[in-house]
Structure formats: structure tokens, C-alpha cells
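See structure below.
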């Protein structure tokens, strides 16, 4: 951390500042110029409140050199994190799916769980196309209080039924801590974009030992996403999967603008696996395929894809879902793309 | 709502669609052109899922004509809503402050409650300068898990002490439903920008009968803010105060970009009062004054201003707080500005 | 400027770098820590290419301390710049209008010059309401090649006629250097938002001695606006008026989001006068009034307001124009607001 | 185009409007509801001024159904446009490179032309790695008036020398119409992001018969990019190559946010080829490779890649350039990716 001091500076205030910084265990290096004096702070600055320093009378500016996240930081954990999902079907077969460190995971399923028939049909279809996990919304964040809010607890039960039939581990979104009991037998808990900075929720989810799929808020910086992962990890839960799902810009032809450059940046800064959700990012089914392939080419560890057996009558977000047939072809092409990108990276 | 149909259209599918729409109580007006057929829907379209329609094979596009919010809509509630805060001090004096319909409210106080001395000194100071309510953070949303998270329940008690001493009603932020019990004796519950779309929280707060100060998310559209107000109001809680606190843009010299044109737009679309928070929007104490005056001139019903008796040592966000002396002068100038704007609007 | 060096660093490369920096007349202050070595550069760093430094193998990051603009910088020119427009009518009366340093200027007129009757009627009206300058588009930047492109040279002649009749100095936009001859007898040359970084145009306009009204690009940072002013001033033209006209965000209810916090920031960083264009920023006539008053309250030195005598049939942008009657009332209220803000600042 | 009329409407004004619309050759379809009357306009609405309609007293809103661009529109030109570059070296060998309709083009070279040695070395290197065209900046748009502005006319001569040696057609940027003479013997004229809405320049370039590479402005919508292409094509120049190079967002870790979903959208809306510039978009050399592969996977027709033989001493933008060795490997991997994406699309 670097503190740039103001030109004319009260000596007593400076000494107070230096004492305070040294008491935090930081080493100070002064660099005095004709117009500007600079203080370099060496040590663990992740707990220093940068705004507090900026408010001091003697300080012109403060610049951070080190990232403010530690457990999510690749510097302190150079190898890729690998997260394993284990599940079994009702015939006693066991399944295992991994993500990270070269393992790729396709998570597919409907936006919302709507009926036993719907979820079981889609689960069977995406399983046979090679998906490794099943997604489906039970608790649904909806902009309008008058819109369908999901099947809630019943939806989670239907996902569990679908897991029994197919062996696919299930991924579904929690909206509030009070719903936590319903997630006891869920394999991956999703934290939605709107909850990325619900710090109370993150802190509690940091106490459990189950993979969390953390979606980037649609106006969150990459650093903020990693700070939210840090909340989960600070509590001891190291099974965090990050998800890029688009950021809000002025462009009206897509719901959000998918930020694929976030992939190589996240993989550089952090050891955590990162998946891409092209369905929510674009909001348009026919852009899911090119954006899925692009995400793989950019280095994503997985994809989160909406599949619906009858998009025309889906109760929500049907517009952005692809059909099982489209998914089947896409899954094959993702494999081909992974081979190509593997060759590129070999 | 207008549905633009695709050029070549299956007659059976069209009839299904028309039946489905009529079953929702909507009247249909067809307009057939050479290349485009347009369906005008007349009736209450606020519950129609626009994305579902867009996903239909026969539909090219759907455009909404009516706003999707009702209780927050000025069309159905032409007069300004007025919200009254009542409180009393420990000498038995009663106080009343109103906002909306020409009543202006200045809410001032520290970013965080830090100590009995701090909050009582600031409360006394802002009261004597004319503030009508006291703000102060007890539960603090912080980007870093390692940063000070607020005095929590104890902070609320200190605010209540300050209310006893000054009679100022208190405004403080809730971060999670589990904290709700602590807010029993809080006058206005603030929902922060990061929770603007925490729909479970909004739904529960809609069930209580206490004013809610709802901050605009930093990437939320004005319509989304009003839809979140609609969540509160759909539950029967009509005491909603909206707050503009800046949106995220590419400009790095302010924390966020204060969107003052939101004020006349909100007042046109809705009957709810709207306040501006120049402290969080800009993040810089010396811009609080010009932005406060500009907010009043733009027609805001109130201001939310951070005041700290020792900004240099504030435990959070000191950089954006002004001193009690600066607030005193600003409060006088807000009065002068209100007279001017009143003359302008007379 | 601060250079943060990488942990393990080639000594020879470091010496080459230091020699190169010293040859640029910079003094170097080293600050060595356990993990990071920092180089503080003292001297005129405005010509140092920050990207070149960042590309060096031994450099981890570079941070600028000083602003990269000089002539536009308030540090080197603490007093407000005042710009004077002089004109005369055909009866031989002389007029003078000033902007900056406490002088306020309202520039009003139609989006486009459309006919002799239109421009002379509007000019007379805004003059009688107290406007100090007349604006009107002759060369029009239009998104569509099929739209009306302005009356061009003839439009400038009509503006000159209107000046003769009223004495109002005229402000009109140049779109390309090849049009420069037509601007010989124009009082203020406007550079539009889309041309803010047309550096060839700026360089040429820097060679003439006539006030330039420079509009902020709708995705330009404040620093970039000041760097474009620097282009003009580097050529010796110190008569630059800056204009805030909204930035592009995700909010669809206004054409752009007016960034009023830019006003106090620009006035802090620069000595140049700054005006606000609420008409183009919002794109909606009924928001022009509140945003005009807010701009004055925020400290703007002037306003650029579209006025049309028959907005319904304006050939362009009629939606955002106010009528002469609305302008008359607004002009009075701007005066009242200026008195209020003057009292606030006294 | 759909006009939504206000509830209570003056019959005379309505008739005037209908007459005016019919005089423009448009057919009118009325749809009257209880609260809203809707007018559907059928015919060529691309020349109708939407803002003029919105300003009418009787109009509540206007919504466009058809795109406002025609020559760039795939609807009226279903097949992909293919653009051919022909060149020859000084040994009399002829070369031909195509882009669009399945033909892929890699354009590579330094940010700026710096010296005969530099450009000839890079040209030879990228040629041997398989690039089909050479890029290099001669006239450089620079934010600071004090920065290196390019070798200008001399830079173009050096590019021509490099073409003689390698046979690679050359691509370089024009900044102003006054430079047009220097571009007589340039193969592709680049219009930079800052000039995307320099309509005078576009109109003139529409008169020549030479391919134009048009970069998307960093705050331009996709529709605006296509409207700028329409400016070129309206003049008769149909050889337009579009370029996505990132949009401005709040994310600070990349210079801009590359919008790869623009690729499938542009290819859906238009028949013009589209290339991606990952170097300028990200501003970081090590992200060029993953973003290049992702662009190919998303369906781009080509890439524009900065290559420098000594990035550490490049006179501009060295940070974002890759080395010839990195380019050589990337070019091979782009080929592998193209085969994969071809298989995916077969």
C-alpha cells in the first residue's frame, strides 16, 4: 500500500500516523521528493481501511498494491482448486463429477422447476447428452411481486426425485437464510447475482461444508466477486465455484453483456473454478450456443445452461432456454471445442 | 401491451395464444399490415409475463405500454404520499417530522455508530442545526470480511439513547431478516442498495407497518426501484421513501455517479417521496454540499447526509462525511435553497 | 508518478530504466521493502508514456500522482478563467457577455436552424427573456444518413442575421475541419460530444483565437474531457468552455444520465468555465427545468438550453425543446436560483 | 413503426398527423382500445424522424419495429458479404485474401509504425505465421497532445515498403479527411472507435471504392455501429468490415469490456463481416490469446492483433502487444479453433 502525503504536512500528525501504522505491524518506507512525499507500507495491508487513510488531513491519496483478498488469491494457493460432486441414483449407482484443474462441468436444466414430468424429462435428456449436474430454480428471484415465485420447497423435492432417477447432483438457488433447511440435501447451493453482496448470507454459507456457486452481480467488479468469495472462504468453506453471467451496460440487444475477459483474469487472480452462464447473460436462446463455445475457448471450467423441453410454455425465462435437442448438439460441440482448446493449450 | 407477430404465422398457434390471452381477462385488438400483424392487449397486463410471450414461435417482439407497477404508480394515486415520523425525548416532548407533499426532511448522522459519546455528540449537533431525523449504521455491509462490521445490536441501542436525548427519530439499515427483532423500536428501516432486490426481505418488510427507506441499487433502473417499492406495498406497507444514491458508471473520480434526473422522473411516475444521499454517491466530503443543493433544486423531498464529529478517525467512510460545522452551514443553505425552489415552483 | 517494481529484478534492466528516466529530467526516489521496491519520480511526468513503462519486464505497475494536463489545470492557474463574448446589433449597439469567475451565461436557441422566421422569432424571444447568447445547429450530426443534416452554411447565415437583429453572440457546432471557413464570423465554435476526441480538429481549433465550447463525450471521463481541452490550449487557444451533457448508462428513461457531480470536480481540477446542457442530456423537455436549476445549484457557470417556438414540428429533437414561454419562466427562476446559490456561497 | 396515442386526443390533430404520414407513403392501421389507441405504420419507415413524432401533443410513445438501417441489413441481403483484398509483392507475386462468407482473415502488426526495421521485421514474421494482412498505425489518436502522434505520412510509406517485401495488404487508420490523399495506396482504411460517428468522414469514405474497417465506438450500441456502416454504404461503398473492440464499463481490470455477444447479433442483423480486436479491448497482452480464441468460437470472421518485436520499447501501447513468437503459436491455434468451430457448425 502506498500513501501519498500532501506537500505541507504537520510533523506531529505524521508521527501519529506512523505510530498507528507500525502498531498494525506494518513497515514504513519513506520516499521524499521535492513536491511529494510517499510512504510505502510493507506487511499485511488487507485489513487496513483505505478510506480511513484517505480521510486524514495529511494524506493526498492512497493506492493499494496488494489484492485485498487472501484465501481466494492464487498467490497464496498456486494450484487450481478442484471441487468434487458425489451423488447416487436410486439403483445404487454412484457418480462423481469434478470441476477445476482441467475438469470441466456442464450444469444444465430448466430455469424453474415446474412439474414432476417437466424436471424428470429434462433431467433424463441432459443426462443422456452428457451433463454432469442438473440445475433448476425452486426459489425464484422475480422483479415483480405479482410474478410466479417458484415451486419453492416442493421444487427442491422434485429436483431430489430427478437426482434419484438420473444420479445427477443438483444445483439450486437460495434466496434467504431462512430457506437454509431446505438445502440440506442439495449438492451445490447457488447464490444469485442479486445476492452476491448479501454479506449475512455469505457469512452463514461460509460455515457450512458444501459447494457454493457464486454468481457475479451484474454491476460487480471482478475484485468484488473475489471479495464475496473471500467471505465464504473466511468462514472455512473453500468449495466456491465462481460464475460470470454478464454485466449491465448501455447495450439493449442483450439482457446483459457477457464479460468473457473475466475468465482469464479470474484464473490469473484466483485458484477457484469459474463457470459461465450464457443463458442469463444474453437472455436469448439463439445466442447461447456461440457464447457457450466462446466461454470454453476463453478457458471457462464449466457452463450453466438453461434447457427446457417446451420453451414456449416455460413459466419463466423461456426465451433464453434451448431445447434438449439443441443442448444435445451443443454438448457434443462443447466436447469438440474442449479438445481444440486442450490442443491449443498443450 | 403490444405483441408484434411474425410474418408467417400458424393459424392454430395464433388461436391458442388469443384464447390464452382472453382467459387472462385481456381484450385483443388486431392490426394487420402487409408485413406485420400487431396485437394490442387492453386490460391489466401487469401480471403478464413478457418473456413468456417473447418465447412463442409466432411472436417477433412484445412491447409494454403500461408500467408494471401499480401501488407505487402515480396514475392510480395522483396525490403525493406524505409519511410522518413521530418520536419523543426523555423529557416527554413529542416531535413530528413529515416527508412528501411539500414537506422536506433532512436525515443526518454518522456512517457508523461508534460509541455513546460519538453518536450523542453528533445527534445533538445535527438536531441543533435543524435535522429532522438521525441516521447511523449499526449493521454495516462491508465488502471485506475482515473489515469492521458495525456495532450491531449495541449500535441500535445507542441510537435509541440518542433519540431519548434529542427526540430525533432514528433511521438505520437492516441487512437480513434475522435482524428484524432489533428493529422493533427503530423509526425508519433502511434497505441498502445491495438489498434493493432482496425480494424475501422486501416481502417481509411489506408486512410490517413502519416507514422503509429503500435505496436504489447502484445498477438498478428507476423502474426496478419502483418494482421493489411495489414488493413492499403489495404487502400493505405504503410508507415507502425512495432514495437515489448514485449509479455505477465508468467515471473513476466519484464512487458512483449521482443520477439527479431520477428525481423528476420518480416524482412523475410515482407518488412516493424521494430523498438523495450525496455522501455515498460521491464518496467525497467536499462534493456533498454542491450535490445537496443540486438535489434540492431538482425537487428532492429530503436528504440523507453523513456527518461525523471527527471524520479523520471515523471507523468507516470518513472520507465522505462532513463535520457538524459544515453541516450547520449546509442546513442553513438548504433552507435558503428550498425557499428559492419554492419561489421557482410557486 | 510511482513505479512499482517486480520482486525479482534484473539489475542491468533497472539501471537502463533509471538512466532513461533521468534523461527525461526526472529525479528518482527509491523505497525498498521486503517484497516490493517502489520508485518515486519527481519532475514533469506529463510527457511520460505510462503504458510504455507498464510494458517493461521489471515493472509491476505504474501509478500517476499528478494530472496529465497542465494548461487546463487549476494548480498552475488558480484563478477562474473568464471568457468574454462581444457582439453588436445592426443598430450599432454593442453587447458583452462573460462566463466564468462568477459570471453566468445562458445560451438558448433551437436544436436546428430551420428558417429565417423560426430563428429570428426564437432569438428575439430568448433575448427578451435574458439569454446572453444564441445557439442553433447548422451542421447537424445525425445517426442516420437519411435524416435531415441541417441547413449547413445557410443556417450559419441565418444565425448571423439573428445576431444582427438582437445583438446576441452566436454559438454553433463544427463537424469537420473542412467547414472551418464558415465559422469565421461565429462567436463560439461548439465541438460536439462525438468529436470530443477528434484530435485533428482539436489541434486546428487550438490555433485559432476564438472561444470553443467543448462538449464531454457521452462515454468520456472527466480527465479525458480535460485532456481534450488541453489539446486546444496546447495550441495557444485558452478560451475553452467545457460542457457536461450526460453520460451513457443502463438507465433507459433518459437519453443519457446527467453527471452533475462533474461540475464541482471540474471546478476543482480546472480553472475553465463549465456549462450544462440539460436538453440533450435528458432528451425530455419536461426535465429541462429541474435539471437546469440543479445545475445552477451544483455551481455551473452557464446553461445551454434548447428552445423552440413550435416543438411539435421541429425538424429534429423537438421532444427535448421547451417553448419560449417555458424558457421565460425558467430564465427568471435561474436568476432566483443564482441569488440563492450566491447567498449560499457568500 | 407503432405510434401509441394519448387517451384524449384532438380529432383535428389526429387527422393532420394521418395526412402527414400518408404523404410519406405509409399505410396506417388503427387499433382502438378502451384506454389506448395504437397506430401501426406500414411501409418504409427508415426515414421517419421518431423524435419528431414523440414531440407531438397527441402521441404518448413511438416504437420502432423495423431496423433503421437498410443496406447493412441482412433482411435485404441474406447472403454474407465477402470482401477481397488483392496485393502483390515486388517480385510480381499476386496475393488475394478474403473475409466473410466463411473466409477468415487475421490482420496483425504493431500498434504504431516506428521504423523501417521494425515494420519490415514484424511484417515478415506475421506473414510467415500466416497473417493475411498487415496493420500498423501511422496517424495515431492520442489522448494527450504531448504524446507521440505517429510517423504519419512517413509511416504509410513504410507500410507500403513492407507490403512490397511481403505482399501483405495493409490496413491503417485515417483520423481526418484532410489525410485522405495519403491513403490512395492503402488497401483497407480503418476508421477508429473515436471516429465511428464522425459523419462527415463516413460520408466521404462512402464515396470511395475501397474496403473500410469500421471500429465500434467504445460507448456505441450495435445498432449505432450498423447505422455508421449505413453511412458508408449509402454512398455506394459496400466494402465494410465491422470491428468489435470493447465497450466501456465500470470494470477496471481491462481497458474495455470485450462484447463477444455482439458477434452473433451482428451476423444475425447484417451481412457484413465482423472482426474482433482483442488487443485494444483488453489492453493486456496476456489476455489477447484467450480472447482471440473466444472470438473465433463466437463466430468472428477475423481478428486484428497487435504484434511487436520488442514490446518493452514500443512507442505506444506496448503493454497490449504480443511477440512474434506468441503470435506464431496463436495463429496455429486459431487455425485449430477454426477447424473445431467449423466442425461444430457443420
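List of remarks:
- Residue match in the stretch A:269-276 (condition: farther than 17 Å from residue D:264 by Cβ, within 10 Å of another protein chain (Cβ to nearest Cβ) and surrounded by fewer than 24 Cβ atoms within 10 Å (Cβ to Cβ)): yes
- Annotation note: Cβ proximity below 6 Å between a residue of the stretch B:1-29 that is free of Cβ contacts under 8 Å to residues at least 60 places away in the same chain and a residue that is part of a helix (DSSP H, G or I) and surrounded by fewer than 18 Cβ atoms within 10 Å (Cβ to Cβ) (sequence gap 6+ or interchain) occurs for B:28/B:18.
- Among the residues of the stretch B:2-14, those that are closer than 12 Å to residue B:30 by Cβ and not in a strand (DSSP E or B) comprise B:9, B:14.
- Filtered by the rule that a residue be without any contact (Cβ under 8 Å) to a residue 24 or more places away in the chain and more than 33 Å from the chain's Cα centre (by Cα), the stretch D:30-54 gives D:30, D:31, D:32, D:33, D:34.
- Flag if residue A:221 is over 14 Å from the mean Cα position of the chain (by Cα) and either within 25 Å of residue B:196 (Cβ to Cβ) or surrounded by 21 or more Cβ atoms within 10 Å (Cβ to Cβ) (or both): no
- Scanning the stretch A:8-41 for residues that are more than 25 Å from residue A:67 (Cα to Cα), away from every other protein chain (no Cβ under 11 Å) and exposed (fewer than 14 other Cβ atoms within 10 Å of the Cβ) yields A:8, A:10, A:11, A:12, A:15.
- If only residues of the stretch C:195-210 that are in a loop (DSSP other than H, G, I, E, B) and touching a residue at least 24 places away in the same chain (Cβ under 8 Å) are counted, the one that is nearest to residue C:276 (Cα to Cα) is C:196.
- Test for residue C:202: is it more than 14 Å from every other protein chain (Cβ to nearest Cβ) and crowded, with 21+ Cβ neighbours inside 10 Å: no
- Members of the stretch C:171-196 that are within 9 Å of chain D (Cβ to nearest Cβ), out of contact with any strand residue (DSSP E or B) (no Cβ under 7 Å at 6 or more places or on another chain) and either closer than 19 Å to residue C:112 by Cα or crowded, with 24+ Cβ neighbours inside 10 Å (or both): C:175, C:176, C:179, C:194, C:195
A quick yes/no check of all residues on (1) over 30 Å from residue B:226 (Cα atoms); (2) surrounded by 22 or more Cβ atoms within 10 Å (Cβ to Cβ); (3) within 14 Å of chain B (Cβ to nearest Cβ):
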| residue | (1), (2), (3) |
| --- | --- |
| A:119 | yes, yes, no |
| A:127 | yes, no, no |
| A:130 | yes, no, no |
| A:148 | no, no, yes |
| A:163 | yes, yes, no |
| A:169 | yes, yes, no |
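- As a summary of the residue check, residue B:250 satisfies the conditions (1) over 15 Å from the mean Cα position of the chain (by Cα); (2) touching a residue at least 40 places away in the same chain (Cβ under 8 Å) except for the one numbered (2).
- Picking from residues in the stretch D:282-294 that are in contact (Cβ under 8 Å) with a residue 24 or more places away in the chain and within 7 Å of chain A (Cβ to nearest Cβ), the one that is nearest to residue A:342 (Cα to Cα) is D:293.
Matching residues to (1) away from chain D (no Cβ under 13 Å); (2) modelled with pLDDT of 95 or more; (3) within 17 Å of residue B:259 (Cα to Cα):
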site: C:227; (1), (2), (3): no, yes, no
site: C:239; (1), (2), (3): yes, yes, no
site: C:246; (1), (2), (3): no, yes, yes
site: C:252; (1), (2), (3): no, no, yes
site: C:261; (1), (2), (3): yes, yes, yes
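- Residue within the stretch A:79-86 that is without any contact (Cβ under 8 Å) to a residue 60 or more places away in the chain, within 22 Å of residue A:302 (Cβ to Cβ) and surrounded by fewer than 17 Cβ atoms within 10 Å (Cβ to Cβ) present: yes
- The single condition from (1) out of contact with any helix residue (DSSP H, G or I) (no Cβ under 6 Å at 6 or more places or on another chain); (2) crowded, with 23+ Cβ neighbours inside 10 Å; (3) within 27 Å of residue D:268 (Cα to Cα) that residue D:111 fails is (3).
- Residue within the stretch D:169-182 that is modelled with pLDDT of 95 or more, part of a loop (DSSP other than H, G, I, E, B) and under 23 Å from residue D:302 (Cβ atoms) present: yes
- Hits in the stretch B:173-194 (condition: in contact (Cβ under 8 Å) with a residue 40 or more places away in the chain and within 14 Å of the chain's Cα centre (by Cα)): B:188, B:190, B:192, B:193, B:194
The values are calculated or read from the model by the stated rules, or taken from the named source; none is laboratory data. It should be emphasised that the depicted structure is a prediction, and the values quoted were computed from it without experimental measurement. Quick reminder, even Gly has a Cβ in these numbers, built from the backbone with ideal geometry, and neighbours come from all protein chains shown.
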